[in-house]
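What follows is one structure encoded as structure tokens, with my remarks underneath.
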Amino acid sequence: MRNAPHSKNCLNEQGIYPCPVCRCGQITVLPLMEAMSCNFCNHIFTTNFEQQLLKLADSQPSLTWRWNGKTWKGLQHPGLQLGWDYLIVAIAFVVLPTAIVGCSAYLFPPIPGTPLAWLPSVWILLTFMAHLACVAWLAVEYYQLPILLYFRAIGRRLFNLRLM
Ligand SMILES: [Zn+2]
């Protein structure tokens with residue numbers, strides 16, 4: 001017997017909720033199924049009404065959100081809290097290699113006018129971008145931001161519009 005109140009603030013099978021993946025569509029319960037689907041990106045979610053959880057069922061990584069009455073909160077990895085120390089390590093990871101490459105380019109500057117005179121500045125930029133990308137990827141993983149799924153949904157919608 002299900003005695004949870006069907007209030008608007010709690011996740012239940014009668015409700016309509018914003019999609020946590022594309023943030024454009026709405027998710028509703030599929031008829032005769034313990035699952036919900038989005039009318040925009042077509043992703044399928046499994047539900048846990050007791051714990052107010054929504055789990056992405058048809059994609060990897062399997063993301064989970066909790067409904068807090070107004071929005072979805074991504075469930076972060078338990079036992080791992082980000083503090084200042086992580087932020088300092090992340091900044092150092094980006095800044096230090098860039099500074100080392102920059103120093104070497106400053107101490108041993110290329111001879112102006114030679115064919116590879118542009119290489120040190122491009123190399124500095126590449127070092128910075130590559131390390132920044134590593135940090136950004138870790139942040140996306142940690143905060144469970146479904147960026148790739150979001151862009152795939154937008155792309156599919158644009159492609160379908162063009163076909164119509
Ligand atoms: Zn969606």
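The values are calculated or read from the model by the stated rules, or taken from the named source; none is laboratory data. Please read all numbers here as calculations on a predicted model, not as lab measurements. All Cβ positions, even for glycine, are placed from backbone atoms using ideal geometry, and neighbour counts span all protein chains on display. What goes into the accessible areas is simple: the full protein's heavy atoms, side chains included, and nothing from ligands, DNA or RNA. Shrake-Rupley method; radii C 1.70, N 1.55, O 1.52, S 1.80 Å.
Spin-label model, residue 10 to residue 156: label points 7 Å out along the Cα-to-beta-carbon direction sit 3.2 nm apart. Report the convex hull volume per residue for the chain, counting only C-alpha atoms, in Å³. Residue-normalised Cα hull volume stands at 167 Å³.
To the nearest 10 degrees, how steeply does helix 84-107 sit against the main Cα axis of the chain, on a 0 to 90 scale? That works out to roughly 30 degrees.
Rounded, prolate or oblate: pick one for region 84-156, where a ≥ b ≥ c are the square roots of the eigenvalues of its C-alpha gyration tensor, a/c under 1.5 means rounded, and failing that, prolate if a/b is larger than b/c, else oblate. It is oblate, given that a/c is not under 1.5 and a/b is not larger than b/c.
For the chain, what % of the accessible area comes from carbon and sulfur atoms, probe 1.4 Å?
On the way: 8080 of 11760 Å².
Carbon and sulfur: 69 percent of the exposed surface of the chain.
The alpha carbons of region 17-74 occupy a box of 24, 22, 22 Å along the principal axes, longest dimension given first. For region 17-74, a simple Cβ point-charge model (Lys and Arg +1, Asp and Glu -1, everything else neutral) yields a dipole of about 280 debye relative to the Cα centre. Relative to one another, the C-alpha centroids of region 5-47 and region 88-164 are positioned 36 Å apart.
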